[in-house]
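Accompanying notes for the structure given below.
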């Protein structure tokens, strides 16, 4: 912990353990934070497990550091956000029972032993003591460290995927992200759960969350292809299948996203949306509409995905015929970056790709020198004419017809004369 964590974070964990001592509770760091710590992967999202009242402890911790705390009484959890930017998710040690498959569990307060037993994979059952007398002591009750060393992903019991079908998606994500292999028995259990169509019982919200996480992976194409190996894409829509054409499009999206990341404009805000557009691209439009109506993605992203399914082919045909930069700008001006990057990946036209690249890197930054106040100073009466003139000025600047302010003024005079 000292070697691999920033000194302020290690100090904060140490002081958290001291607070636990004073309040006579046991506190552990657990789950993905410990897993990645042992693998040497930077991960500063700390999950704490408290043997006792997790919410009460979170409030005490927040009070000590004048931090912000948000509680979730139903689940016995809280989030403490510190002034330095660190945040701890604090949970009461609990056990879970499932009344029926694919539903959220019933939760009861318990011990660290029971808390770790309820988790998805052995590599996520590792915990580290934070109390002063056990600071840094590894808790490994399910051979998680051995599986980490062997790069093996293993469930804890035979009903794991039945109890919680979202684990089949998490298994693929961890396998691909970490470069691990599914334990043979785990792979068999996954196939059995998929054949039972257990994933179809997931609520739209839970399925959407898992698909979002898949599309947000560092290498989503590999993850999606692996999901297809287990016939998991059909959980999204029965007609959704992996194919050479989909693989080609996904690789093109990957390349386009990387191209955008290399620009001085910065990274895309929501690259997962681009991969989502690609995933839907080979489906018939009614199937896309049906799928998006069922998923609970943010409305603006759903609208973008639906629009590209409805208008993408037409937009690309228009771009292939476009000659003037102003035509490209007008065609693409209201589309978000995610849609532009998808269209760049989808088109096989070099002209189309170049038009989209120009829109992203150049055309959107172009503005006329003259503004409405300048038109007023030139004696033009305010009204609809202003917008028409300013639009024409923008077109002229995009097309290279004007370069200087004097050029713009001469053009404005000619336009005003024509009314």
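In the stretch 363-384, how many residues are farther than 17 Å from residue 404 by Cα, in a loop (DSSP other than H, G, I, E, B) and touching a residue at least 12 places away in the same chain (Cβ under 8 Å)?
So the answer is 1.
What residue, of 25, 103, 34, is touching a helix residue (DSSP H, G or I) at 6+ places or on another chain (Cβ under 9 Å) and at pLDDT 95 or above?
Details: 25 fails: at pLDDT 95 or above; 103 fails: at pLDDT 95 or above.
Within the list 25, 103, 34, the selection yields 34.
From the list 338, 408, which one is modelled with pLDDT of 95 or more and assigned to a helix (DSSP H, G or I)?
The match here is 338.
With the stretch 108-186 as the region, which helices (runs of 4 or more DSSP H) entirely inside it contain at least 1 residues that are closer than 27 Å to residue 236 by Cβ and touching a helix residue (DSSP H, G or I) at 6+ places or on another chain (Cβ under 6 Å)?
Counting at least 1 such residues, we get 160-163, 166-178.
For the stretch 344-362, what are the residues that are touching a residue at least 40 places away in the same chain (Cβ under 8 Å) and in a loop (DSSP other than H, G, I, E, B)?
Listed by number, the list is empty, since nothing qualifies.
Listed here are the residues, each with its yes/no results for (1) buried (at least 19 other Cβ atoms within 10 Å of the Cβ); (2) over 14 Å from residue 26 (Cα atoms); (3) at pLDDT below 95.
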position: 54; (1), (2), (3): yes, no, yes
position: 75; (1), (2), (3): no, yes, yes
position: 80; (1), (2), (3): yes, yes, no
position: 93; (1), (2), (3): yes, no, yes
position: 128; (1), (2), (3): yes, no, no
position: 132; (1), (2), (3): no, no, yes
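Looking at 203, 216, can you tell me which residue is surrounded by fewer than 17 Cβ atoms within 10 Å (Cβ to Cβ), under 26 Å from residue 305 (Cβ atoms) and either more than 25 Å from the chain's Cα centre (by Cα) or at pLDDT 95 or above (or both)?
It is 216.
Only one of 227, 189 is outside the structural domain of residue 295 (by TED's automatic domain parsing), in a helix (DSSP H, G or I) and over 15 Å from residue 276 (Cα atoms). Can you tell me which?
Matching residue, one of 227, 189: 189.
One line per residue, one yes/no per condition, for (1) under 16 Å from residue 343 (Cβ atoms); (2) assigned to a helix (DSSP H, G or I); (3) in contact (Cβ under 8 Å) with a residue 12 or more places away in the chain:
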{"residue": "274", "(1), (2), (3)": "yes, yes, yes"}
{"residue": "278", "(1), (2), (3)": "yes, yes, yes"}
{"residue": "292", "(1), (2), (3)": "no, yes, yes"}
{"residue": "297", "(1), (2), (3)": "no, no, yes"}
{"residue": "304", "(1), (2), (3)": "yes, yes, yes"}
{"residue": "307", "(1), (2), (3)": "yes, yes, yes"}
{"residue": "315", "(1), (2), (3)": "yes, yes, yes"}
{"residue": "319", "(1), (2), (3)": "yes, yes, yes"}
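Does residue 341 count as in contact (Cβ under 8 Å) with a residue 40 or more places away in the chain and either out of contact with any strand residue (DSSP E or B) (no Cβ under 7 Å at 6 or more places or on another chain) or surrounded by 21 or more Cβ atoms within 10 Å (Cβ to Cβ) (or both)? Reasoning before the result, please.
Working: in contact (Cβ under 8 Å) with a residue 40 or more places away in the chain: yes; either out of contact with any strand residue (DSSP E or B) (no Cβ under 7 Å at 6 or more places or on another chain) or surrounded by 21 or more Cβ atoms within 10 Å (Cβ to Cβ) (or both): yes.
Answer is yes for this residue.
Could you look through the stretch 187-198, keep only residues that are free of Cβ contacts under 8 Å to residues at least 60 places away in the same chain and buried (at least 19 other Cβ atoms within 10 Å of the Cβ), and pick out the one that is nearest to residue 232 (Cα to Cα)?
Per the criteria, the residue is 194.
Determine the pairs where a residue that is on the phi > 0 side of the Ramachandran plot, located within the stretch 42-70, has a partner that is in a helix (DSSP H, G or I) with Cβ atoms under 8 Å apart, the partner being 6 or more residues away or on another chain.
As it stands, the answer is 52/23, since those pairs meet every condition given.
Would you check if residue 398 is buried (at least 16 other Cβ atoms within 10 Å of the Cβ), over 30 Å from residue 260 (Cβ atoms) and out of contact with any strand residue (DSSP E or B) (no Cβ under 8 Å at 6 or more places or on another chain)?
no
The values are calculated or read from the model by the stated rules, or taken from the named source; none is laboratory data. Note that this is a predicted model, so its numbers are computed, not measured. Cβ atoms come from the backbone with ideal geometry, glycine included; neighbour counts cover every protein chain shown.
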